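Here is the structure we will look at.
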There are 2 protein chains.
Amino acid sequence: MSKGITSKNEDYSQWYNDIVIKADLAEHSSVKGCMVIKPYGYSIWEKMQAVLDQKFKDTGHSNAYFPLFIPKSFFSKEASHVEGFATECAVVTHYRLKNDGNGNIIVDETAKLEEELIVRPTSETIIWNTYKGWIQSYRDLPILVNQWANVVRWEMRTRLFLRTTEFLWQEGHTAHATSDEAIAETRQMLDVYADFAENWMGLPVVKGVKTPNERFAGALDTYCIEALMQDGKALQAGTSHFLGQNFAKAFDVKFTSKEGKQEHVWASSWGVSTRLIGALIMAHSDDAGLVLPPKLAPIQVVIVPIYKTDEELQKISAFATELSSKLKSMGISVKYDDRDTQRPGFKFAEYELKGVPIRLAIGGRDMENGTVELARRDTREKQTVGQDGLEIFIVQLLDEIQRSIYNKAFNYREEHITEANSYDELKELLDTKAGFIAAHWDGTPETEQKIKEETKATIRCVPLDNKLEDGVCIYSGKPSKQRVLFARAY
Amino acid sequence: MSKGITSKNEDYSQWYNDIVIKADLAEHSSVKGCMVIKPYGYSIWEKMQAVLDQKFKDTGHSNAYFPLFIPKSFFSKEASHVEGFATECAVVTHYRLKNDGNGNIIVDETAKLEEELIVRPTSETIIWNTYKGWIQSYRDLPILVNQWANVVRWEMRTRLFLRTTEFLWQEGHTAHATSDEAIAETRQMLDVYADFAENWMGLPVVKGVKTPNERFAGALDTYCIEALMQDGKALQAGTSHFLGQNFAKAFDVKFTSKEGKQEHVWASSWGVSTRLIGALIMAHSDDAGLVLPPKLAPIQVVIVPIYKTDEELQKISAFATELSSKLKSMGISVKYDDRDTQRPGFKFAEYELKGVPIRLAIGGRDMENGTVELARRDTREKQTVGQDGLEIFIVQLLDEIQRSIYNKAFNYREEHITEANSYDELKELLDTKAGFIAAHWDGTPETEQKIKEETKATIRCVPLDNKLEDGVCIYSGKPSKQRVLFARAY
């Protein structure tokens, strides 16, 4: 098959789009900014969901479901929240269409809503309005709830997976009796996200806290995990917000404490979205297509028979079937592709494109010799391996590939955290090496904003494990106690 | 705990609502017609999803995701489809809010969409518009895709789970090269639904085909599974539609056949929704609360310790922990409720209300005697059972309960299929015994409509296993070849 993927070095952005389209992950729909997630792309999301959902349940959370629509008045109750989302809201104003008598379907103006409904861009407001009814006493706390849902943010410039008007995500919304508990929850979920990114996605991340400019609208603190893509741009892969009592105050949610006092409830919220699929693609793939870490690959092993006669095929099939069933019993997903409509070379290219971690090719000669040809997708190395104990070899190799993919991304990331000690240095680094640039900043929103306007770089985060170090702000020359990470970002 | 459930015989409708609310399954939200599915209710939906999703995958389907919004023009392309849904559509007209300068958040009239977007009430139109790009040749067929999603139908009268403005569902949309294949798919998915209803939900269903009046808007044939609730009203639990080439024609989706001809593609669609939770509640529950079939119960076994001293509690806990781990290893979900904030009687009532199939109570005396007190939720029978081999006893009992719940519903259903040989008889049966009433009908939409207007009963379906039998229509006296099933329905 002709791949037609633009080279990553030639045009990174086009390379990304080519992979998304050619690997059958997603496509633009006829609805502006909305994507269709195709079966292969969706199966990656399902793998992600399964792992994350289990992690949420293991940390005591339950799933629930809240309305898609938010009355405009609720949406407006938390001032900074509505300010953050008002400019990108889909608004429902009517609830009926009609035939105008000439065969045209038009909006029925007699069916206008008294109060407009906002299609949720995030659910804090509708959920805290609901929690009001659930919480009376400290005995009702904590509430540890997650929702898997679609949300809509009206984006002017969209990119498949990375930024779409509608996207799928999960949003956790928790309620606590104390500030400490809510902060601990916020940090715990950041750790869950980091663990998922690193140990499942093979994506090293920096855990950090956002500057006030970059905080979630309505949060007291936004924690994030920041990853680096292969073009040196950063990508925010997940956020966890400490909301303080902001939403409890906006929706008047109080509880009676053990001491009998009426207090406002403390909150966190946290989310990751289908954007993670974009990160996964960008972090590991190459000019031959998608590279998937085994733990999230819908197909981990593909077996392609190479035969001249039916007799050869029968022998190969018997072996492939037995191997498949052994691998499946060990929890490995296998596809035996014996389609006779495509040639082996076409299949090889297709599974490379789709990022299947291990490809086995088995021919008549292999059957005689008791071998198979094994190709690793990540390194594109081929080797001949014996059929005896092959399943054990494969299980170990999948682990090795998972580690190797992570290590490659980790080394890239480590090589792309650079210190800058002057504004000129920052600007030069942004235009040459890119990556995260660790520099001193005076802590003011004004300086941050100026740097953003002049360089398009933002402060991605203040790393949680930051060392304190005396210095001066690269922009203002004012004193600074620590470096922060600047980067251009998706 | 005070249950406060209205008796089923006193007020069936209130009884249903009481169970939904008191068992913490769902509640009305502040958004008209939209519900909040609470964690316990959602966990039942998750069990249903897991089983159905596996069945869809086992029959060759993959999941995908299509946009929430449908441009009005697409929506209008299939004439009978838009006619069926136009009067109940949420319409998005704007994409921005703004502050009016006086602190009020208002719709920004400068951000009006050129073309209104409909919040999907079902996705045939957006999906067939997408399939157009996926299908060129017979080699691209069949397409076997399912979507788990939320949909919106603007309902004036809503009831939790049974009829809500927004609901969760799955919708399968398949594309085929031939009519036969599409019909086979339609029938296969009906069988999948019937199997799920009967063997997981414990809900006997009649498989049948809808009359033209009751067909899905845009279908050539709608197949359905119809169940009977304990008040003798019918409930449509799932539908599977043979769409012919209607949507392929509306969206110009053609393929090149093996013979090299251009032909329109054949289609099916099929769905079940959170309405199934309503059916599950109504079919089995009693005045003490929810009764859940073990296969869909989020908690299958609850263990409640009854103790006077810490020493007693320790012994009971040691046993309960060991039993729990044995049961868990056998795939049984267990909860050991050793909360010291509630008394055993409160816990008993709570788990009855929540429909936990088996409750074990263990006291100090039990530990001495090597016994437990076991209560079945469905029959409310208690028995003393030995601790030795208890896990095996429980596994077998859960099977027995599953069968028993089904049999009870089956017997009720069988007793409530009655033949009527005159219109008077039909009317009398509707007002007394209710249930399905098998009667002759002349096959005309006019007669069906008249009967509906006069009795509020509809033809639920023509059963697939119907026997042919000469007779005369109970309404018009015209000749008829078979009986159809009338009922009042949810």
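The values are calculated or read from the model by the stated rules, or taken from the named source; none is laboratory data. In this text, all values refer to a predicted model and were calculated from it rather than measured experimentally. A quick note on method: Cβ atoms are made from the backbone with ideal geometry, for glycine too, and the neighbour counts reach across all protein chains shown. For accessibility, only protein heavy atoms count, side chains too; no ligands or nucleic acids. Shrake-Rupley method; radii C 1.70, N 1.55, O 1.52, S 1.80 Å.
Points to keep in mind about this one:
- Scanning the range B:120-150 for residues that are of a type outside the set (Phe, Trp, Tyr), without any contact (Cβ under 8 Å) to a residue 60 or more places away in the chain and within 11 Å of another protein chain (Cβ to nearest Cβ) returns B:Arg120, B:Pro121, B:Ser123, B:Gly133, B:Arg139, B:Ile143.
- Scanning the range A:212-237 for residues that are part of a helix (DSSP H, G or I) and open to solvent by less than 20 Å² (accessible area, probe 1.4 Å) yields nothing.
- Which numbered condition B:Arg163 misses (of (1) within 8 Å of chain A (Cβ to nearest Cβ); (2) open to solvent by 30 Å² or more (accessible area, probe 1.4 Å)): (1)
- Selection status of A:Lys98, farther than 17 Å from A:Phe167 by Cβ, outside the structural domain of A:Asn199 (by TED's automatic domain parsing), basic (Lys, Arg) and open to solvent by 30 Å² or more (accessible area, probe 1.4 Å): yes
- Flag set for A:Lys57, criterion: within 30 Å of A:Trp134 (Cα to Cα) and open to solvent by 30 Å² or more (accessible area, probe 1.4 Å).
- Residue among B:Val472, B:Val484, B:Val462 that alone is touching a strand residue (DSSP E or B) at 6+ places or on another chain (Cβ under 7 Å), farther than 17 Å from B:Met229 by Cβ and open to solvent by 70 Å² or more (accessible area, probe 1.4 Å): B:Val472
- Scan of the range A:238-248 for residues that are open to solvent by 10 Å² or more (accessible area, probe 1.4 Å) and either acidic (Asp, Glu) or touching a helix residue (DSSP H, G or I) at 6+ places or on another chain (Cβ under 7 Å) (or both), ordered by number: A:His241, A:Phe242
- Positions within the range A:71-95 being more than 8 Å from chain B (Cβ to nearest Cβ), open to solvent by less than 60 Å² (accessible area, probe 1.4 Å) and hydrophobic (A, V, I, L, M, F, W, C), in sequence order: A:Phe85
- Take the conditions (1) of a type in the set (D, E, K, R); (2) open to solvent by 10 Å² or more (accessible area, probe 1.4 Å); (3) under 25 Å from the mean Cα position of the chain (by Cα); A:Arg120 misses just one of them, which is (2).
- Strands (runs of 3 or more DSSP E) (entirely within the range A:249-309) containing at least 3 residues that are open to solvent by less than 50 Å² (accessible area, probe 1.4 Å) and in contact (Cβ under 8 Å) with a residue 12 or more places away in the chain: A:266-273, A:301-306
- Flag set for B:Asp18, criterion: more than 12 Å from chain A (Cβ to nearest Cβ), out of contact with any helix residue (DSSP H, G or I) (no Cβ under 8 Å at 6 or more places or on another chain) and surrounded by 16 or more Cβ atoms within 10 Å (Cβ to Cβ).
- The number of residues in the range A:331-345 being under 24 Å from A:Gln396 (Cα atoms) and surrounded by 13 or more Cβ atoms within 10 Å (Cβ to Cβ) comes to 6.
To keep it simple, each residue is scored yes or no on (1) assigned to a strand (DSSP E or B); (2) modelled with pLDDT under 95.
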position: B:Phe56; (1), (2): no, no
position: B:Ser80; (1), (2): no, yes
position: B:Glu83; (1), (2): no, yes
position: B:Pro121; (1), (2): no, no
position: B:Thr130; (1), (2): no, no
position: B:Gln147; (1), (2): yes, no
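- Criterion violated by B:Ser43 - all others in (1) open to solvent by 50 Å² or more (accessible area, probe 1.4 Å); (2) modelled with pLDDT of 95 or more satisfied: (1)
- Condition check for A:Arg413: of a type in the set (D, E, K, R) and within 16 Å of A:Asp378 (Cβ to Cβ): no
- Test: residue in the range B:444-454 that is touching a residue at least 60 places away in the same chain (Cβ under 8 Å), open to solvent by 10 Å² or more (accessible area, probe 1.4 Å) and in contact with a Gly (Cβ under 7 Å, 6 or more places away or on another chain): no
- B:Glu27 satisfies every condition listed in (1) within 14 Å of chain A (Cβ to nearest Cβ); (2) surrounded by fewer than 22 Cβ atoms within 10 Å (Cβ to Cβ); (3) in a loop (DSSP other than H, G, I, E, B) except (3).
- Among the conditions (1) assigned to a strand (DSSP E or B); (2) touching a residue at least 24 places away in the same chain (Cβ under 8 Å); (3) more than 8 Å from chain B (Cβ to nearest Cβ), the only one that A:Glu114 does not satisfy is (2).
- Exactly one residue out of A:Ala175, A:Ala194 is open to solvent by less than 20 Å² (accessible area, probe 1.4 Å), within 14 Å of chain B (Cβ to nearest Cβ) and either among the hydrophobic types (A, V, I, L, M, F, W, C) or within 26 Å of A:Glu448 (Cβ to Cβ) (or both), and it is A:Ala175.
- Scope the range B:35-70; condition farther than 25 Å from A:Ile277 by Cβ and within 9 Å of chain A (Cβ to nearest Cβ); matching residues: B:Met35, B:Val36, B:Ile37, B:Lys38, B:Pro39, B:Tyr40, B:Gly41, B:Ser43
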